[in-house]
Amino acid sequence: MEFVFSLIAILWIIRIILNTLTYAQLWWVKEYRWDRMIIHLRTAQGKRILWPAWHRPRISPKSTLLVIMSLIASGYIFVTLDFHISLRLAIVDLVSFPLSWIVVFILNAPTMVYHKIVIARAISMLRKHKSMQVIGITGSYGKTSTKEYLATILASKFQVLKTEASKNSPIGIAEVILKSLKPKHEVFVVEMGAYKRKEIKEMAAMVRPQIGIITAINEQHQDLFGTMENTMKAKYELIEGLEGKRIAIMNIDNARVRTMAEWATRDGREVWGVTKEISKSKYQIANKYKKTYSAIDITASFDGVEFTCASEKEQFQVKVPVLGAHQASNLLAAIAGAMAAGMTMAEAVKGANKITLNPKSLSMIPGINGSISINDTFNNSPDSARAALDVLAWGKAKKILVFQPMIELGAFAKESHISIGSYAARICDEVILTNQNFYDDFMKGVRSQSESLRVEVLSAQKARARLRMILSARDAVLFKGKEAGNVLQAMKI
C-alpha cells in the first residue's frame, strides 16, 4: 500500500511540474499580458486551466525564470505546510496557476525597465542612422503578408530592413533595430500590431514612418479593443504619426478602412486607394484620393494569383505563386507601397516576381497517402478563415478542415463562429476542431447547412490518427490556426 501511495505522490509531482511548464508556454502565447489571459480563462479551454493540454514552453530568459520561480514557490508551500502529504500536494496543485500569475506580476517590473532601456537604445541608433524611408503597416489581418511582399519588392532596388516574423510591438521592433540595422539600409518596413489605443502611437513615434499602409479592419481582438471604433482609432495612429511624405495607402474595399481614409484626407495626408475590380460606384470613391490602384481580372488557383495591376495611366500583369484570391489586395498594397518609396510600377511588378510562399500562410505541401496539406497556421480570424476555405474548395476529392476556434472576438465571437461553421459546412466533407471553445456556436452554423457533416473535437494525436485513417490520394486538408499546426506537426511523426 505504501508503494502505491508513493507512486501516486510521484505522479502527482510530475503532473504539477508539467502543468507549470504548460502555464509558462501559455503565458508566452498570451505575451505575458493579464488582459489576454483573463479572456482565455473565459473560454471553454481556459475553464479547464487545472487540466491543461501539455505544451512544452518556449526557451527564453523570462519563461525559464517563470518556471524556476513557480517551482520554487510550489516547493516552499509544500515543505512549510503542516498537513498530510496528499493534502499538501492537492494545495500546491490548486495554486500552481495562481503562482505563475504572481511570478508574472513580479517579473513585469524588471521587464518593463529592460524594455525601456532597449527601446531607448534602438531610438538612439535610428536617429544616428542616415536618412532612411520608413514604411509602417498595420490592420486587423494581412499585415505580415503585406510586409513580406513589400520587403521583397523593395529589395530589388533598395537595401531593406524589415521586422521579423510577428515582432510587431515596440520591444520587437527595437530588438530588430539593435540586431540588424546596418549603415547600408535605405528602407525600413515595419509591421505594427496593437491590442489597445496608444500602442501604435508609441511605435510611430519610435520609427517616424513617412508611408503608412492599412490592410483591413475586422473583429479581431474585440475583447481587448472593446469596440470597432476603438480598433479603427488604434490602427489610425499610424496615419496620424506619418512624417515627411505622409502617404497613406488604404484598402478601400474594406468599409472601415474607407472611413479611415476620410479621416486621413481630413488630416492632410496624401491618400492612395487600393482596390480589387473597380466598379462604377468605386470610381466615385476613388476620385477622392490622390492615386488609386486596382487589381483587375483576378484569377487564383493552386498555381498562384494572377491579375492586372492598373492605374489611370498604366497596366502591368502580375503573377505570384501565393494561394488565395484575397492575396491580390495584399500584393496590390505592397506594390503601391513600393511606388510610394520611389519605384515605378514596372519595377514594383518585376520585383513582385520574386515573392515566395510564407510556409505558414496558405502554403501547399504534400500530405500522407498522396493527399494535399494546406498550411495556414500563422493565425486565425473570420476573414482569413473564409479566404482559406475558398482555397480548400479547389480540392478535387475529400476536403477536410482542421480548425482552431478563434479567440478575442468579444461580442462578435458567437456570430463569427456561426458564420464560419456555416461556410465550412458548404465546402468541407469533415471538420476537426482543436479545442472545445465556441463549439455550440460553430455547430449551429454547421447544422444550418448540413445535418450529417462530421465534426469532432480531437487532440493532436487523435486528429493525426483520424486523418491517417481517412486520407487518400487527391484529398485536401486545410490546417487553420496555430493549434492546427500541432496536428500538422504530429502528421510528420
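The values are calculated or read from the model by the stated rules, or taken from the named source; none is laboratory data. Bear in mind the structure is a predicted one, so any value in this text is a computation, not a measurement. Methodologically, a virtual Cβ is constructed for each residue, glycine included, from the backbone with ideal geometry; neighbour enumeration extends over all protein chains shown. Only protein heavy atoms, including side chains, enter the accessible area calculation; ligands, DNA and RNA are left aside. Shrake-Rupley method; radii C 1.70, N 1.55, O 1.52, S 1.80 Å.
With a sphere of radius 14 Å drawn around the Cβ of THR299, what net charge do the other residues whose Cβ falls strictly inside it have (Lys, Arg +1; Asp, Glu -1)?
So the surrounding residues net to -3.
Tally the DSSP beta bridges in the chain and give the antiparallel ones as a percent, rounded to 5.
The answer is about 25 percent antiparallel.
Within the range 20-85, report the chymotrypsin sites (Phe, Trp or Tyr not before Pro) that DSSP leaves as loop and that have at most 15 other Cβ atoms within 10 Å.
Sites meeting the loop and neighbour criteria: TRP54, PHE83.
Could you go through the range 182-199 in sequence order and give the Karplus-derived ³J(HN,Hα) for each residue, using 6.51 cos²θ - 1.76 cosθ + 1.60 with θ = phi - 60°, rounded to whole Hz, and x for Gly and Pro?
3J(HN,Hα) across the range 182-199, in whole Hz: 10, x, 6, 5, 10, 9, 10, 9, 10, 7, 10, x, 7, 10, 7, 5, 6, 6.
With just the Cα atoms defining each centre, how far is the range 225-263 from the range 379-411? Give it in Å.
If we compute the Cα centre of each part, the gap is 26 Å.
Could you tell me which of MET343, LEU401, TYR439 has its Cα farthest along the dipole of the chain towards the positive end, charges placed at Cβ (Lys, Arg +1; Asp, Glu -1), taken about the Cα centre?
MET343
Give me the count of lysine pairs in the range 376-493 whose alpha carbons sit under 25 angstrom apart, restricted to pairs 8 or more positions apart or on different chains.
24
How much of MET69 can a 1.4 Å solvent probe reach, expressed as accessible area in Å² and rounded to 10?
Solvent-accessible area, nearest 10 Å²: 60 Å².
Working with all protein chains in place, sort ASP82, ASP376, ASP223 by solvent-accessible area computed with a 1.4 Å probe, largest first.
ASP82, ASP223, ASP376
Roughly what angle does helix 2-29 make with the longest principal axis of the chain, taking Cα atoms, 0 to 90 degrees, to the nearest 10?
20
Short version: ³J(HN,Hα) in whole Hz for each residue of the range 255-267, in order, from phi by Karplus 6.51 cos²θ - 1.76 cosθ + 1.60 (θ = phi - 60°), x for Gly and Pro, what are they?
Per-residue couplings from phi come out as 4, 5, 5, 4, 4, 5, 5, 5, 4, 5, 4, 4, 8 Hz.
At a probe size of 1.4 Å, how large is the accessible area of VAL305, to the nearest 10 Å²?
Taking all protein chains as shown, VAL305 has close to 0 Å².
Ignoring ligands, DNA and RNA, what percent of the 1.4 Å accessible area of the range 349-444 is carbon and sulfur?
Answer for the range 349-444: carbon and sulfur cover 53 percent of the accessible area.
Can you list the HN-Hα couplings for the range 321-331, worked out from phi with the Karplus curve (6.51, -1.76, 1.60; θ = phi - 60°), rounded to whole Hz and with x for Gly and Pro?
The phi angles translate into x, 10, 9, x, 4, 4, 5, 4, 5, 5, 5 Hz.
Determine the calculated [θ] at 222 nm for the chain from helices alone, applying -39500 (n - 2.57) to every DSSP H run no shorter than 4 residues and normalising by the residue count; nearest 500 deg cm²/dmol.
Result for the chain: -16000 deg cm²/dmol, rounded to the nearest 500.
Show me the trypsin sites (Lys or Arg not before Pro) within the range 61-146 that DSSP assigns to loop and that have at most 13 other Cβ atoms within 10 Å of their Cβ.
Loop-located and lightly packed - LYS130.
Give the label of the value calculated from the structure for Cα extents along the principal axes in Å, choosing from (1) 58, 48, 48; (2) 71, 57, 43; (3) 87, 57, 37.
(3)
Quantify, in whole percent, the carbon and sulfur part of the accessible surface of the range 145-232 (1.4 Å probe; protein heavy atoms only).
48
Give me, ordered by chain and number, the residues 5 or more places off SER373 or on other chains with an amide H under 5 Å from its own placed amide H.
When sequence neighbours closer than 5 places are left aside, the close amide H contacts are ILE365, GLY367, VAL477.
Between rounded, prolate and oblate, where does the range 425-493 land on the alpha carbon gyration tensor, with a ≥ b ≥ c its root eigenvalues, rounded for a/c under 1.5, else prolate if a/b exceeds b/c?
Oblate is the answer for the range 425-493, as a/c is 1.5 or above yet b/c matches or exceeds a/b.
Under the rule that an exposed site lies in a DSSP loop and has at most 15 other Cβ atoms within 10 Å, name the longest stretch of the chain with no GluC sites (Glu not before Pro) of that kind, not counting the sites themselves.
315-450
Tell me whether the range 284-389 comes out rounded, prolate or oblate; compute the Cα gyration tensor, take square roots of the eigenvalues as a ≥ b ≥ c, and use a/c under 1.5 as the rounded threshold.
Since a/c reaches 1.5 and a/b is larger than b/c, the shape of the range 284-389 is classed as prolate.
With +1 on each Lys and Arg Cβ and -1 on each Asp and Glu Cβ, and nothing else charged, work out how big the dipole of the chain is about its Cα centre, in Debye to the nearest 20.
So the magnitude is around 900 debye.
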